[in-house]
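These notes are about the structure you will find just below.
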Amino acid sequence: MPITLVIHGGAGNITPAMMTKEDEQAYTEGLQAALDAGYAVLESNGSAMDAVVAAIKELENNPLFNAGKGAVFTKKGLNEMDAAVMDGKTLGAGAIAGVRNIKNPIVLAREVMEHSGHVFLSGNGAAEFALTRGVEQAPDDYFFNKLRYDQWVEIRDSDFYQLDHKADNLKGVPNPDHKFGTVGAVACDAEGNLAAGTSTGGMTNKRFGRIGDSPVIGAGTYANNSTCAISCTGHGEPFLRAVVAHDISCLMEYKGLSLQEACDTVIKDKLVKIGGEGGLIAVDNKANGIFCFNSAGMYRGMKSSTGTEGVAYYG
Ligand code: ASP
């Protein structure tokens, strides 16, 4: 069976005009390192879930991306992170929301799936569970990042919130300059098993314990061996309302659409009609990997035993 790993580092208004040569190189290296880490697992007959977690850990440890070390700041100047994993073989899932001081939130999400008896833990309870499982912690200053801090300082005294770049308005209409830095991975292993994972710091200046689509099973993350594995990135509220990831799986399962047709229907039509901007990565049970986005660009990469390999950013 062919193997495939697909990753993303966020979607949005990513154009050549806003990227320097140094930026391009840094993103290329960051994406390639994650691709290599995850693909090495698949190549040595590891599971799709192990590959997804390995790739996402790499992205979480890289401050370029809005997840783990590079997580954005909340209205209160904190880093509150969300993450989820789903196993397409068992339909097991684990998710966490609003956690602080966890070095790799994706690892905690997997612990929730495998050891909590639950699917979704939040805030203090998730932190308490992390301690019982010995999940690696990190102090506040591990998450300090000058760029993210300055982005937050610019808007912290306003009611604006922003998706990792420039301020959106109060109704959540994105500023045209924004980009989204959430990370995700999907994989198909040599046994034809699928897995998906997503990890994010959410939105700069977010308030009131806001949670986006990323950790919500069926919205930002979903995997099912009979259809596909999906990880989304974009403006979380419309993705939640459109239940994007599960909707794509349903279009394949109940209407017989191909992965490409199902993704196009949801990302380029349904989501657009409710003003949702962003994209996703997906893989089906034949190891066909795809990218689909309605934004100007998406940080992304794919490696497959069928010969495809590369990273890209622009549309
Ligand atoms: N979807 C994420 C959220 O709304 C943001 C992102 O993809 O960057 O929290």
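Each reported figure results from applying straightforward, stated rules to the coordinates on display, with no laboratory input. Please read all numbers here as calculations on a predicted model, not as lab measurements. With ideal geometry, Cβ positions are generated from the backbone for all residues, glycine too; neighbour counts draw on all protein chains shown.
Points worth noting:
- Tensor-based shape of the chain (alpha-carbon gyration tensor, a/c under 1.5 rounded, otherwise prolate or oblate): rounded
- On the principal axes of its alpha carbon atoms, the stretch 182-297 extends 42, 28, 25 Å, with the longest extent given first.
- 16 Å reach of a label modelled at residue 76, 7 Å along Cα-to-Cβ, counting backbone N of the stretch 85-117: 97-102
- Take every pair of alpha-carbon atoms less than 8 Å apart whose residues are at least six positions apart; their mean separation over the length of the chain yields a relative contact order of 26 percent.
- Separation of the stretch 246-315 and the stretch 33-105, taken as the distance between their Cα centroids, equals 19 angstrom.
- DSSP-assigned coil residues among trypsin sites (Lys or Arg not before Pro) in the stretch 188-267, each with at most 12 further Cβ atoms within 10 Å: 207
- In the stretch 1-101, a dipole from Cβ-located charges (positive for Lys and Arg, negative for Asp and Glu) runs towards its positive end, and of 59, 97, 16 it is 97 whose Cα lies farthest in that direction.
- Karplus-based coupling profile of the stretch 40-54, in residue order and whole Hz: 4, 5, 5, 5, 9, 6, x, 7, 4, 5, 4, 5, 4, 5, 4, with θ = phi - 60° in 6.51 cos²θ - 1.76 cosθ + 1.60 and x standing for Gly or Pro.
- Applying the criteria of a DSSP loop state and at most 15 other Cβ atoms within 10 Å to the chymotrypsin sites (Phe, Trp or Tyr not before Pro) of the stretch 188-244 yields 208.
- Remark: spin-label model distance residue 158-residue 124 equals 3.4 nm, labels positioned 7 Å along the Cα→Cβ axis.
- Table column - 3J(HN,Hα) (Hz), the stretch 142-155, Karplus curve with 6.51, -1.76, 1.60, x for Gly and Pro: 4, 8, 6, 9, 4, 4, 4, 5, 5, 4, 6, 4, 4, 10
- Sorting the segments 183-194, 283-294 by their mean number of nearby beta carbons within 10 angstrom, highest to lowest, gives 183-194, 283-294.
- Of 69/146; 206/273; 76/206; 270/303, those spanning more than 20 Å from alpha-carbon to alpha-carbon: 206/273; 270/303
- By the Cβ-Cβ criterion of under 4.7 Å, the unpaired cysteines of the chain are 188, 228, 232, 250.
- Cα-projected label distance for residue 136 with residue 208, points at 7 Å along beta-carbon direction, nm: 3.6 nm
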